[in-house]
1. Does residue 38 satisfy being farther than 21 Å from residue 306 by Cα, within 21 Å of the chain's Cα centre (by Cα), hydroxyl-bearing (Ser, Thr, Tyr) and in the same structural domain as residue 160 (by TED's automatic domain parsing)?
2. Give me the pairs: first residue in segment 238-262 and in a helix (DSSP H, G or I), second residue surrounded by 13 or more Cβ atoms within 10 Å (Cβ to Cβ) and of a type outside the set (Phe, Trp, Tyr), beta-carbon distance under 6 Å, and six or more apart or on different chains, which are they?
3. Would you list the strands (runs of 3 or more DSSP E) that sit entirely within segment 98-185 and hold 2 or more residues that are at negative phi and modelled with pLDDT under 95?
4. Consider residue 69 carefully, then state whether it is part of a strand (DSSP E or B) and in contact with a helix residue (DSSP H, G or I) (Cβ under 9 Å, 6 or more places away or on another chain).
5. Consider segment 248-278. How many of its residues are over 24 Å from residue 226 (Cα atoms), of a type in the set (Val, Ile, Thr) and surrounded by 12 or more Cβ atoms within 10 Å (Cβ to Cβ)?
6. From the residues in segment 327-367 that are in contact with an Asp or Glu (Cβ under 7 Å, 6 or more places away or on another chain) and not in a helix (DSSP H, G or I), which one is farthest from residue 234 (Cα to Cα)?
7. Can you tell which of 80, 99 is under 15 Å from residue 147 (Cα atoms) and surrounded by fewer than 20 Cβ atoms within 10 Å (Cβ to Cβ)?
8. Listed residues 228, 279, 267; which is touching a residue at least 60 places away in the same chain (Cβ under 8 Å) and assigned by TED's automatic domain parsing to the domain that holds residue 329?
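The values are calculated or read from the model by the stated rules, or taken from the named source; none is laboratory data. Predicted model, so just to flag it, every value in this text is computed and none were measured. Because the Cβ atoms are built from the backbone with ideal geometry, glycine has one as well, and the counts that use them run over all protein chains shown.
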Amino acid sequence: MYDTCCGIDFGTTNSAISVINNDCPELINFHDKNTIPSAMFFPEGKITEPLFGNEAINQYINGEQGRFMRSLKRILGTDLMYLKTEVNGSCLSFEDIILRFIKYLKKTAENKTNRELKNVVLGRPVHFQDFAPEADKNAESLLRHIAINAGFKNVQFQYEPIAAAYAHEAKLNSEKLACVVDIGGGTSDFSIIRLNPKNSKKTDRKKDILANTGIRIGGNDFDRDLSIKCFMPELGYGTLLKPDEYTKQVLPVPSSPYVTLSEWSNINNLYTYREEKNITQIYKKAAVPEKVRGLYEIVKKEQGHVMLNQVEKTKIALSRKDMVETILSFLSYLPKIIINKKEFEKSIYKDVEKIIESLKECLQLAAIKDQAINLIVLTGGSSEIPYLKERIKSIFPAAELSEENKLASVAIGLSYDAARIYKND
């Protein structure tokens with residue numbers, strides 16, 4: 001029945017859940033917001049009572065001791081799916097960690113609606129991993145298993161860009177040939193689909209969907225690009241070590257810790273005895289130790305997520321401003337970093353080009369010309385980046401642009417799909 005189904009958008013950066021009330025989608029609020037950051041924090045000494053979303057972020061940023069995790073969706077389709085990680089002295093599987101987050105979404109929705117949710121449509125990217133069909137299959141299988149263990153009786157999946165299309169379709173007055181562009185935190189996904197409000201309740205929409213493509217590049221990758229290009233040099237990236245005592249050879253400071261520090265899903269890998277020892281040696285051997293000092297402090301104090309959070313804030317600010325000044329106030333020497341919009345655009349150029357290539361591939365698979373598209377549906381937080389938006393719009397100069405409810409449109413569309421699929425259950 002409608003009152004037992006929902007749609008869940010488990011996102012890399014943000015997540016959302018929507019239910020159907022009186023034939024209309026209703027987003028569940030988390031502290032007065034209809035999305036929740038996909039973040040968890042296990043306070044020191046606890047593994048059974050994690051914090052979620054903004055509460056998790058605030059506790060970590062404010063210096064609370066414990067294990068912070070973010071961008072967990074990016075491990076789906078990778079070998080990390082089958083590994084365990086240490087959380088406050090205990091080993092937890094990533095499956096169990098994601099399960100806790102999905103359970104929290106479900107429980108919150110049930111408490112707010114006073115009903116049990118038995119049926120769900122989960123959003124998924126077109127590809128969890130690029131060019132890896134077996135890994136893609138395994139990722140969906142694991143996510144299905146997690147949803148069932150969270151208490152759902154029936155689990156279906158829908159591509160995230162198609163769900164976003166369904167959310168926009170309900171408000172159309174006539175048929176449109178749409179290109180849906182979903183630029184999320186972990187992936188960029190595209191669909192060419194015929195939208196018509198008269199078809200919104202049809203259970204079989206296969207004939208309306210002309211093509212889907214996707215690539216594993218999104219907002220997290222833009223954070224990494226900006227971090228390595230503009231922030232990591234302030235921490236010693238690109239500098240040299242002292243000449244070798246015997247060979248007099250001069251080598252660059254190893255780049256791997258900086259790359260790890262720039263990846264949301266990998267930061268915790270720096271907080272091991274081996275890595276701390278390695279970075280201590282780099283600090284001691286650095287030709288410019290006052291630069292590498294920042295890297296040393298971040299790893300010693302386990303402030304990697306604080307660092308990358310500053311990078312993300314700068315990225316978001318550069319979508320509105322031509323220049324941003326950032327002071328890394330959590331470091332003892334208070335480095336100041338000034339970045340302009342052109343530097344940011346240059347840092348993400350290669351990844352944007354790959355996204356545009358995947359979008360053009362979707363057009364080719366649909367066997368239509370760009371002039372035939374009369375509606376562009378933009379969704380996902382990273383579609384706010386002006387440079388990326390301009391590149392997309394330039395492909396479809398005559399198309400109308402729809403940007404409504406970017407962060408929650410996928411969840412809304414998933415709940416519409418759930419109502420169609422489970423209407424007789």
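1. no
2. Sorted first by the residue in segment 238-262, then by its partner, the pairs are 257/279; 258/232; 260/266; 260/269; 260/270; 261/304.
3. none
4. When the stated conditions are applied, residue 69 passes them.
5. Of the residues in that region, 1 qualify.
6. It comes out as 340.
7. 99
8. Residue meeting the stated conditions: 228.
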